[in-house]
1. Answer yes if at least one residue in the range 12-22 is within 17 Å of the chain's Cα centre (by Cα), closer than 20 Å to ASP166 by Cβ and either in a helix (DSSP H, G or I) or among the basic types (Lys, Arg) (or both), and no otherwise.
2. From the list LEU115, LEU124, pick out the single residue that is assigned to a helix (DSSP H, G or I), surrounded by 14 or more Cβ atoms within 10 Å (Cβ to Cβ) and not acidic (Asp, Glu).
3. Among the numbered criteria (1) open to solvent by less than 50 Å² (accessible area, probe 1.4 Å); (2) assigned to a loop (DSSP other than H, G, I, E, B); (3) closer than 30 Å to GLY139 by Cβ; (4) in contact (Cβ under 8 Å) with a residue 24 or more places away in the chain, which single criterion is violated by ARG79?
4. Take the residues in the range 89-112 that are at pLDDT below 75 and open to solvent by 90 Å² or more (accessible area, probe 1.4 Å); name whichever of them is nearest to ALA17 (Cα to Cα).
5. Looking at this structure, is ARG86 within 28 Å of ALA191 (Cβ to Cβ), over 13 Å from the mean Cα position of the chain (by Cα), surrounded by 20 or more Cβ atoms within 10 Å (Cβ to Cβ) and among the basic types (Lys, Arg)?
6. Hey, can you tell me all the residues within the range 11-26 that are buried (at least 17 other Cβ atoms within 10 Å of the Cβ) and among the small types (Gly, Ala, Ser)?
7. Test LEU94 against the criterion of being assigned to a loop (DSSP other than H, G, I, E, B), on the phi < 0 side of the Ramachandran plot, in contact (Cβ under 8 Å) with a residue 24 or more places away in the chain and touching a helix residue (DSSP H, G or I) at 6+ places or on another chain (Cβ under 6 Å), and give yes or no.
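The values are calculated or read from the model by the stated rules, or taken from the named source; none is laboratory data. What you are looking at is a predicted structure, and each value in this text was computed from that prediction instead of being measured. All Cβ positions, glycine included, derive from the backbone under ideal geometry; neighbour counts span all protein chains shown. Surface areas here come from the heavy atoms of the whole protein model, side chains and all, with no ligands, DNA or RNA. Shrake-Rupley method; radii C 1.70, N 1.55, O 1.52, S 1.80 Å.
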Amino acid sequence: MRVVKDAEVRRNEILDAAEELFGSKGFDQTSTGDILDRVGIARGTLYYHFRSKEEILDAMIARMADRLIADAAKVAEDRSMPLLERLPKTVLALNVDSSIGEEVMQQVHRPQNALLHQKLEERLLRGVIPLIALLVEDGIGQGIFHTDYPREAAEMIMIYAYTAFDGLAEQTAQQQRIDGFIYNVERILGAQEGALREAILKIF
């Protein structure tokens, strides 16, 4: 008997199957037929949700970004941790740490997938800037930071970080770049020189 499922449930089943296959076989070696077999659906059902393997990858990236932001939010909002511990852990929560994630990120960083890369970066920035702003506000309350513009400071720091340290950026003079980043973050936040060095170095 044909099983009819809610569209969102079916969509997530397709994404789950694709994640497993991309992680084990790789994106290029996985066909839409492999995904159909894994989920046990007809080709028409797949095309109802996704027009191509690339569109599946796009949706997978969006879902992965939302999960990473949710993980980062749990850390940022955990006030049982000292602020300078929460700060690097919030950023590190955005790192993928699975074969599936690594395969997806490999695809994202291909030159031909520049638009996909941009979409992921924009989605992550939209989610993480409010979290960093929350940490900045906590730092202001504790007298660690001194700025009248916590949201703008968070935005400037994160956009610069994504540009300077992204996998697509040219990684010349890396240590000097990190030192300069730390110095400028401390200036933007009005922190004492060296106050954030240990915390930020944990990210790298």
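1. Checking the range 12-22: not a single residue is within 17 Å of the chain's Cα centre (by Cα), closer than 20 Å to ASP166 by Cβ and either in a helix (DSSP H, G or I) or among the basic types (Lys, Arg) (or both).
2. It is LEU124.
3. (1)
4. Step by step, filter the range 89-112, then rank; the result is GLU102.
5. yes
6. Passing the criteria: ALA17, ALA18, GLY23.
7. Yes; evaluated as a whole, the condition is true for this residue.
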